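Shown next, in structure tokens, is the structure this report addresses.
Bear in mind these aren't lab numbers, they're just calculated from the coordinates by the rules spelled out. Because the structure is a prediction, the values reported are computed rather than measured. Methodologically, a virtual Cβ is constructed for each residue, glycine included, from the backbone with ideal geometry; neighbour enumeration extends over all protein chains shown.
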Amino acid sequence: MDTDLHSPSPPPTPIDPVVQARLDRLAASRAATTPSTTSGTTSPNGRHRKRHAAKRSRAAAVLMSLTATAGLSAYFQHTDSVGASSTTNSVTGVAVAVATPPAAAAAPNASPSATAASTTPAAASTNTTSALADGTYAGATATNKYGPVQVQITVAGGKITDVVALQTPTGDRKSISINDRATPTLVSEALSAQSANVDTVSGATYTTDSYKISLQSAIDLAHATTVQSSATS
Amino acid sequence: MNNWLWYVTRSTGIVATVLMLASLAWGFLFSSRETGTRLRPAWWLDMHRGLGGLALVFTAVHVVAAFADPDLGVDLATVFVPGAAQSQTTAFTWGVVAFYGLVVVVFTSWPKMLFRRRTWRTVHLLSVPATALACVHAYQLGSDAHTPAFNVLMPLAVGGAVYPFGLRVWGLALARSQEAPRKT
Ligand code: HEM
């Protein structure tokens, strides 16, 4: 038998296009269900489960939250800077003698003139406490952009023996915290200086300015009370 | 004076509270099956989780910014120990407790299968008092708590969470009454 071993093998029969399409579809769906560490998991029954069913909505929530934070911060800054334009102190009310010894109390209506109240600390008279009438004096209320400040002094033996802040701004957390820190410093400075010549507490410029005004008005009143009571005696 | 940390403290506090309320609303709508047909239940559950996690992130930024602002008087003890704040102690305490509540709820949401269903559900429902405390904290401590916008928008946001909560409670009550043995 003569066989030709070198004759070429017949060409492979082409795959039925219907079967080929099926195979392609199968391969595609396999690729889609292959577990990926970031986008999904495969449950035990082999079905692909998306880890974040609300991926887009979650991204939108993140974006909205960031935008709201930025917008609110900008709004707060805006309202703060609008308030900052009114930096001067306004003084309301007058210093009053809360308690004075009989001689001083006899001086009729000693208080009002004492508050010819200066509206800035620079303009405040810097009387030292020479000749202060004993008693307790509440200073005028000095209001800055954060709120009112009012100081009360107690004079005994012609010296300031106690200083109390009757009012400090309480409108926001920042003011409360700043005043918690600044007030003890201002009190001890006033006691040692025996005047309203106190140093500005760093970070508490507004409070210090208002404090000086109110303190000075109380000292002026104590001074005026001395003058008037010595005039009447 | 640079106040940007203060502004961030305030804005992230507000955003975190709204996110907590939204997460509650999504959770109760999901559990009471009042989610409609347009969106799949998986979407609602995923959003609920996402909003809760986001609330935690914004609360963390809120606390860090408050701590970093030297003028707010927030030290480490104030952040971590309820009742340790030097001033406005109660208001801070509510914030700290709410923060712990939120941390527990979010971090037990992921390994849910480690708990018995009942235990997990009890822990998860801590989110309700935690959110309520966060709102009280905001009202007592917030610089903006007395502004008209805050007093209109906050109650609206709270209402948005209370309504689905009501639906859920109502649904449970109905189910209970139907389960109860009928008198013949
Ligand atoms: C360790 C826990 C927390 C600390 C130390 C803390 C600290 C503060 C501080 C200092 C303020 C006052 C800011 C200002 O208005 O001047 C504040 C306000 C606020 N906090 Fe918190 N907080 C805590 C937890 C939370 C939590 C868990 C939430 C809610 C998710 C929250 C939401 C708010 C809101 C909405 C405000 C009001 C903001 C405004 O008035 O503009 N806080 N917090």
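For a modelled paramagnetic label at B:A84, 7 Å from Cα along Cα-to-Cβ, the residues of region B:94-131 in reach, with backbone nitrogen under 13 Å, are B:96-97.
Rounded to the nearest whole Hz, the Karplus-based 3J(HN,Hα) values (6.51 cos²θ - 1.76 cosθ + 1.60, θ = phi - 60°) of region B:18-25 follow the sequence 4, 5, 4, 5, 5, 4, 4, 4, with x at glycine and proline. Taking the inverse of the mean 1/r over every pair of distinct Cα atoms in region B:3-179 gives a Kirkwood hydrodynamic radius of 17.2 Å. Scanning chain B for trypsin sites (Lys or Arg not before Pro) that sit in a DSSP loop and have at most 13 other Cβ atoms within 10 Å, the longest stretch containing none of them is B:39-115. Compared with the alpha-carbon gap, the fully stretched path from A:S202 to A:S29 is longer by 55.4 nm at 0.36 nm per residue. A Förster radius of 41 Å combined with the Cβ-Cβ distance from A:S81 to B:L76 puts the calculated FRET efficiency at roughly 0.80. Each Cα pair under 8 Å and six or more residues apart adds its separation to the average, and for region B:57-184 the resulting relative contact order is 17 percent.
The distance between label points at A:V98 and B:E34 comes to 5.5 nm (points 7 Å beyond Cα on the Cα→Cβ vector).
Taking amide H positions as modeled 1.01 Å from N, with prolines and chain starts lacking one, the residues under 5 Å from A:V149 and 5 or more places away or on another chain are A:A142, A:T143, A:N144. Report the FRET efficiency, 1/(1 + (r/R0)^6), for A:A59 and A:A21, where r is their Cβ-Cβ distance and R0 is 35 Å, rounded to 0.05. FRET efficiency, A:A59 to A:A21: 0.45. Each of B:A42 and A:S188 was given a label point 7 Å from its Cα along the Cα-to-Cβ line. The distance between the two points is 6.6 nm.
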